[in-house]
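Participant: Below are the C-alpha cells for one structure; questions will follow.
The values are calculated or read from the model by the stated rules, or taken from the named source; none is laboratory data. As the structure is a prediction and not an experimental result, all values here were calculated from the model. Using ideal geometry, Cβ is built from the backbone for each residue, glycine included, and neighbour counts are taken over all protein chains shown. In case anyone asks, the SASA skips ligands and DNA or RNA and just uses the protein heavy atoms, side chains included. Shrake-Rupley method; radii C 1.70, N 1.55, O 1.52, S 1.80 Å.
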Amino acid sequence: MKKLLLILLLAMTASVQAQDADALFESGKEHYKADAFQEAIADWKAILDKGQHSKAVYFNLGNAYYKLGEVAPSIYYYEKALQLDPTDNEVKNNLVFAQNLRIDVIEPLPKTVFTRVYDNTIGSLDSNLWAWLSVGLLMAGVLSFLGYYFSATTVRKRILFVGSLVLFGLVLFSFTAAYLSAADEKNERSAIVFSDTMDVREAPKNSGTVAFQLHAGTKLEIIDQDGDWLRIKLSNGKDGWVSASALKEL
C-alpha cells in the first residue's frame, strides 16, 4: 500500500510539474511575441530550474538571446537543442545566424576520407535514434523471417529470406552505430566561450604565456583538466589552457 501511495504521489507531482512547465512555456512565448525577451528568458529558464528540458525550450532560449544580441548564450542553447535532435534544420539554420555574430573565425582542419564517411553515417544520428532504428529493423527482420517460414510459394520464400538477411545485417550495423555514437557522446566534452575575451595559455596557471585569445561564442573541445584549468582544442588544431570559469560546458 505504501509503495502504491508513493507511486501515486510521484505521478501527481510529475503531472503538476508538467502543467507548470507548460504554463511557463506559454508565458515565455507571449513575452517573446511582445518583444519582452528578458521576461521570456526568465520563464523558459524557470523550466530548466525545475529539472525539465526539451528541444523547444532550448531553441526558444537561443532565439531570445539572439534577439538581444548575446552571442554566447544564443549559440549555447542552439547547441543544446541540437544535442537532443541533430537533424533539426531550423535549429541548424538559426545556429548559423548566431555564429555569424562571433568575432573568432576558425577554419577547421581538412577531414580525412574516413572521417567524412564516419561523420556522414555514424554521426548523422545520435545514439538514441540509432538504438530506436535498430529496434525497428529487428522487428521488421523478425516479421520478414516469419513470413519466409510460413510462406507457401518458393519465390516468396526466397524474397522474404533475402529480405530478412538484409534487415538483420542492417540491425547489426545500426546497433554498432548506436554503440559508437554513445561512446563518442560519452567521451566528447565541448563548451562555449562565455567571456568577452579569454586568454589561452601555454600552461595551466595565470603566469603562463598567452598563446592566443578567444572571444564569446566560440565552440571548443575540452581534452584535459588540471584543477580549475581546462586544456582546450579548436577545430583548427590549436590548443592551450584556459580558466574553467570562462566557459560553459555543453
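Participant: In debye to the nearest 20, how big a dipole does the stretch 49-127 give about its Cα centre with +1 on each Lys and Arg Cβ and -1 on each Asp and Glu Cβ?
Facilitator: Computed about the Cα centre, the dipole is about 40 debye.
Participant: Using the eigenvalues of the Cα gyration tensor, what equivalent ellipsoid semi-axes result for the chain when each is taken as the square root of five times the eigenvalue, whole Å, largest first?
Facilitator: The equivalent ellipsoid of the chain has semi-axes of 41, 29, 18 Å.
Participant: For the stretch 85-161 and the stretch 212-250, write down the distance between their C-alpha centroids in whole Å.
Facilitator: 30
Participant: Taking the chain as the reference, fit the longest principal axis to its C-alpha atoms, fit the long axis of helix 89-99 to the helix C-alpha atoms, and give the angle between the two in degrees, 0 to 90, nearest 10.
Facilitator: The helix 89-99 is inclined about 20 degrees to the chain.
Participant: If I stretch the segment between residue 239 and residue 92 completely, what's the gain in nm (0.36 nm per residue apart, minus their alpha carbon distance), one decimal?
Facilitator: Answer, rounded to one decimal: 50.3 nm.
Participant: Taking 0.36 nm per residue of sequence separation and subtracting the Cα-Cα distance, how much length would be gained by fully extending the chain between residue 162 and residue 29, in nm to one decimal?
Facilitator: 42.7 nm
Participant: Using only helices, what value at 222 nm comes out for the chain when you add -39,500 (n - 2.57) per DSSP H run of length 4 or more and divide by the total residues, to the nearest 500 deg cm²/dmol?
Facilitator: -20500 deg cm²/dmol
Participant: Once you charge only the Cβ atoms, +1 for Lys and Arg and -1 for Asp and Glu, what is the size of the charge dipole of the chain about its Cα centre, to the nearest 20 debye?
Facilitator: 1100
Participant: Another question, then. Most fluctuating residue of 232, 75, 106 in a GNM of the chain with Cα springs under 10 Å: which is it?
Facilitator: 106
Participant: Mind putting together the pair-distance distribution for the stretch 21-69? All Cα pairs, 5 Å bins, whole percent per bin, short to long.
Facilitator: For the stretch 21-69, the pair-distance distribution reads 5, 27, 38, 22, 7, 1.
Participant: Taking one equal scatterer on every alpha-carbon of the stretch 99-184, how large is log10 of I(q)/I(0) by Debye at q = 0.24 1/Å?
Facilitator: Computed log10 I(q)/I(0) values: -1.03.
Participant: Using the Cα atoms as the points, what is the convex hull volume per residue of the stretch 175-250 in Å³?
Facilitator: It is 91 Å³ per residue.
Participant: Can you tell me the accessible area per residue over the chain, all protein chains present, probe 1.4 angstrom, in square angstrom?
Facilitator: The answer is 62 Å² per residue.
Participant: Could you give the dipole magnitude of the stretch 140-250 about its Cα centre, charging the beta-carbon of Lys and Arg +1 and that of Asp and Glu -1, in debye to the nearest 20?
Facilitator: 800
Participant: In the stretch 146-236, with Lys and Arg counted as +1 and Asp and Glu as -1 at Cβ, which of these residues, 197, 227, 160, has the Cα nearest the positive end of the dipole, that is, farthest along it?
Facilitator: 160
Participant: Let me ask something else about it. Accessible area of the chain with a 1.4 Å probe: how many percent of it is carbon plus sulfur?
Facilitator: The nonpolar share, carbon plus sulfur, comes to 59 percent.
Participant: Taking the Cβ of residue 73 as the center, what net charge do the other residues with Cβ under 11 Å away carry, scoring Lys and Arg +1 and Asp and Glu -1?
Facilitator: +1
Participant: Along the positive direction of the dipole of the chain (beta-carbon charges: Lys, Arg +1; Asp, Glu -1; about the Cα centre), which of 209, 34, 136 reaches farthest?
Facilitator: Farthest towards the positive pole: 136.
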